[in-house]
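Before any comments, here is the structure.
The values are calculated or read from the model by the stated rules, or taken from the named source; none is laboratory data. None of the values given here were measured: they were computed from a predicted structure. No Cβ is skipped: glycine too gets one built from the backbone with ideal geometry, and neighbour counts run over all protein chains shown. What goes into the accessible areas is simple: the full protein's heavy atoms, side chains included, and nothing from ligands, DNA or RNA. Shrake-Rupley method; radii C 1.70, N 1.55, O 1.52, S 1.80 Å.
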Amino acid sequence: MKVGEVTVECVKGNIVEQHDIEAVVNAANAMLRPGGGVAGAIHKAAGPGLYQECKPLAPIKTGEAVITSGHMLPNAYVIHALGPVYAAEKDPAAKLAETYQSCLIRAEEKGIKSVAFPAISTGIFGYPMKEAAKVAFETIKEMAPNLKSVKLIRFVLFAQEDYEIHQEVMKEVLEA
Ligand code: AR6
């Protein structure tokens with residue numbers, strides 16, 4: 001779908017296999033350690049050099065994002081973002097929106113044209129999938145008119161059900 005000049009799309013797949021994308025987003029932990037889920041997959045595919053580059057940038061706060069190179073990933077950059085732990089936040093939606101904003105700001109600073117996101121906070125951090133998707137697409141819709149370099153935003157969903165939820169919510173939010 002298009003929001004102004006920005007293409008927004010959903011695919012079913014693995015965040016570490018997005019060969020045509022300049023920056024992939026890591027659903028990171030505060031210490032930027034390898035960890036599990038998306039972070040584990042990204043660090044495994046990128047190789048140990050990624051954590052070496054991450055170490056001096058940690059810790060990061062909830063809603064923050066930092067950028068590194070992609071090392072052995074097929075992407076030039078990794079944007080490491082710390083989403084909210086759903087049960088631990090008073091206003092998780094505001095924090096999740098801030099997380100997506102931080103990622104797009106880091107991308108714009110580098111003149112990045114394409115960004116792939118996982119569904120931040122919806123795994124170990126317990127954010128309900130549909131609610132998280134709504135926040136994600138609303139934030140992108142709001143930011144899209146001000147984006148200068150970013151022309152493609154892709155959501156990469158691991159599970160078929162999560163992909164379907166994102167497709168549905170994307171249409172709902174972007175067509176409204
Ligand atoms: N590609 C795309 N999506 C994936 C992949 C993958 N390779 N692996 C998992 N998902 P999570 P969080 C989905 O837990 O909730 C880490 O240990 C997954 O099904 O990776 O933000 C960090 O170190 C889920 O829908 O991120 C942190 O401590 C979504 O990606 C903590 O988990 C996010 O799941 C961050 O938790």
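For segment 58-65, putting each phi into the Karplus relation 6.51 cos²θ - 1.76 cosθ + 1.60 with θ = phi - 60° gives couplings of 8, x, 10, 9, 4, x, 8, 8 Hz, in residue order, rounded to whole numbers and with x for Gly and Pro. The listed peptides 75-85, 37-47, ordered by packing as a protection proxy, come out as 75-85, 37-47 (highest mean of other Cβ atoms within 10 Å first). Pairs of lysines in segment 42-159 whose Cα atoms sit within less than 23 Å of one another amount to 20, provided the residues are eight or more positions apart or on different chains. Ordering 49-55, 133-139, 27-33 by mean Cβ neighbour count within 10 Å, with the highest value first, yields 133-139, 27-33, 49-55.
For segment 81-125 versus segment 132-176, the inter-centroid distance based on Cα atoms is 12 Å.
For residue 65, no residue has an amide H sitting under 5 Å from its own, ignoring neighbours fewer than 5 places away on the same chain, with H placed 1.01 Å from N. Taking only protein heavy atoms and a 1.4 Å probe, the accessible area of the chain is 55% carbon and sulfur.
For segment 2-174, the share of alpha carbon pairs falling in successive 5 Å distance bins from zero is 1, 9, 20, 24, 23, 15, 6, 1, 0 percent. For residue 3, the amide hydrogen comes within under 5 Å of the amide hydrogens of 8, counting only partners 5 or more places away or on other chains and with H modelled in the peptide plane. For segment 2-174, the antiparallel share of DSSP beta bridges with both residues in that region comes to about 30%. Solvent exposure of the chain amounts to 46 Å² per residue of accessible area, where only protein heavy atoms count and the probe is 1.4 Å.
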